[in-house]
Amino acid sequence: MILVTGATGTVGRELVGRLLALGVPVRATTRRPDTAGLPDGIEVVRADLGDPDGLADAMRGVDRVFLLSGGPEIPTHDANLARAADRAGVGHLVKLSSGRTGDDTATDPIPTWHRAGEQAVRDSGVAWTMVRPLGFMANALHWADSIRDQGAVYAPFGQGRIAVVDPHDIAAVAAKALTTGGHEGEIYTLSGPEPLSPGEQTAILAGVLGRPLRYVEVEPAAARQAIIDHGVPDAMADAIMALRATALEAFTSVVHPTVERITGTPPRPFREWAEHHSHHFARADAPPKRPRSGGIYGGIARESPATSST
Ligand SMILES: NC(=O)c1ccc[n+]([C@@H]2O[C@H](COP(=O)([O-])OP(=O)(O)OC[C@H]3O[C@@H](n4cnc5c(N)ncnc54)[C@H](OP(=O)(O)O)[C@@H]3O)[C@@H](O)[C@H]2O)c1
């Protein structure tokens, strides 16, 4: 039995679908089973990473665990889960971390939280694999409203390039690590096939959608304010902005061969991700094909046109 935490999120849903297709028994956790919209054929249990007793229950009969956590609670939540896994005799734990955790110069909050979470996993004594993706292609969904309504993408750090990776490929690597041998003690840094700036992503989206789109550079201060206006605490907004600023660093534009090495299939290009998700950007009132979780960062990355510096 494989326990998948974060099963209603971007990576977790992809992973659940993949494990289901492989015929592996899956138990998925969510804090809201009634509205989780998870597929038939898996066990769905209520669990909160902040509740060690609930985690002990969720862990019964589990051999392997996928750990997905987010925000300032990452160190505590990872320690809770790793401890429960150790007590339950779990054989292998795969943690979704962050690419920049491996960048020793990155001292901003998000890689710092993940570094502490990784350490808690190592300290638990359970065999582990760390999966460290660079930025997700799915972050482009935060542009869906302004693309639909105005044919525009508003984002800061336009000169920066990130070798964004498709969550489909992150889930494929996690599934391999959970279902085949030889991944214990390995750290997998994942990227997509090419580094892209937000302007280049905008041009690809325009090609896929078949209509012109504008990229509009937003000042970092205005982007931060837009995040706060969406109800995110100041400290979290600062953590997100620090992460976004790393688009300007060389580290995030490096292409890694890991997806193909582990899965045998090259990572998907952004164009393919855009084709699979074009319905989210369609002008007509086409609803998303599946429910999206509010997300650990709860849609905070949407820019408001009012924040545009131009
Ligand atoms: N976005 C990026 O560019 C990027 C890049 C590298 C790494 N990452 C890392 O990827 C992770 C986020 O992955 P994602 O985007 O797939 O997640 P997501 O879509 O934001 O979904 C978050 C998931 O976490 C669950 N969750 C939230 N709070 C929880 C709690 N207290 N206890 C148990 N479950 C909880 C939610 O489940 P319920 O609401 O159903 O309970 C949901 O399934 C973070 O660790 C982030 O640092 C992101």
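Every number in this text was worked out from the coordinates using simple rules, so none of it is lab data. No experiment lies behind these values; they were computed from the predicted model shown. Don't worry about glycine lacking a Cβ; one is built from the backbone with ideal geometry, like all the others, and counts go over all protein chains shown.
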> Over the stretch 11-100, how many percent of alpha carbon pairs lie in each 5 Å bin up to the one with the longest distance?
Replying inline: 2, 13, 25, 27, 21, 10, 2, 0
> Residue farthest toward the positive end of the dipole of the chain, with Cβ of Lys/Arg at +1 and Asp/Glu at -1: which of Q201, L38, V254?
Replying inline: L38
>> Which one, T8, S69, V24, projects farthest toward the positive side of the charge dipole computed for the stretch 1-97 from Cβ point charges (K/R +1, D/E -1)?
In response: V24
> For the chain, what does -39500 (n - 2.57) per DSSP helix run (n ≥ 4), summed and divided by total residues, give at 222 nm, in deg cm²/dmol to the nearest 500?
Replying inline: -11500 deg cm²/dmol
> Using a basic spin-label model with each label point 7 Å from the Cα along Cα→Cβ, how many nm lie between E73 and T265?
Replying inline: 3.3
> Which value, in nm² and rounded to one decimal, describes the direction-averaged projected area of the C-alpha convex hull of the stretch 28-81?
Replying inline: 4.1
> In debye, nearest 20: dipole of the stretch 101-236 around its Cα centre with unit charges on the Cβ of K, R (+) and D, E (-)?
Replying inline: 280
> Where does the stretch 162-244 land on the Kirkwood hydrodynamic radius, alpha-carbon pairs, in angstrom?
Replying inline: 16.0
> Any idea what the dipole of the chain comes to, in debye rounded to 20, about its Cα centre with Lys/Arg Cβ at +1 and Asp/Glu Cβ at -1?
Replying inline: 600
> Among Y215, Y188, which comes first, then next, by fewest other beta-carbon atoms within 10 Å?
Replying inline: Y215, Y188
> Among I228, I162, which comes first, then next, by fewest other beta-carbon atoms within 10 Å?
Replying inline: I228, I162
>> Using a Gaussian network model on the chain with a 10 Å cutoff between Cα atoms, which of L22, L196, L178 fluctuates the most?
In response: L22
> Considering only the other residues whose Cβ falls under 12 Å of the Cβ of E184, what net charge follows from Lys and Arg at +1 and Asp and Glu at -1?
Replying inline: +1
>> Students often get this wrong: which residues of the stretch 200-222 have the backbone nitrogen under 17 Å from the point 7 angstrom along Cα-to-C-beta of L248?
In response: 217-222
>> Let's test the formula: R0 of 22 Å, r as the Cβ-Cβ distance of R148 and I228. What FRET efficiency results, to the nearest 0.05?
In response: 0.40
> Taking the Cα atoms of the stretch 57-128, what is the range of coordinates along each of the three principal axes, in descending order and whole Å?
Replying inline: 39, 19, 16
> How big is the gap, in Å, between the Cα center of the stretch 187-219 and the Cα center of the stretch 163-185?
Replying inline: 23
>> Averaging the inverse of every distinct alpha carbon separation and then flipping it gives the Kirkwood radius. What is it for the chain, in angstrom units?
In response: 19.8
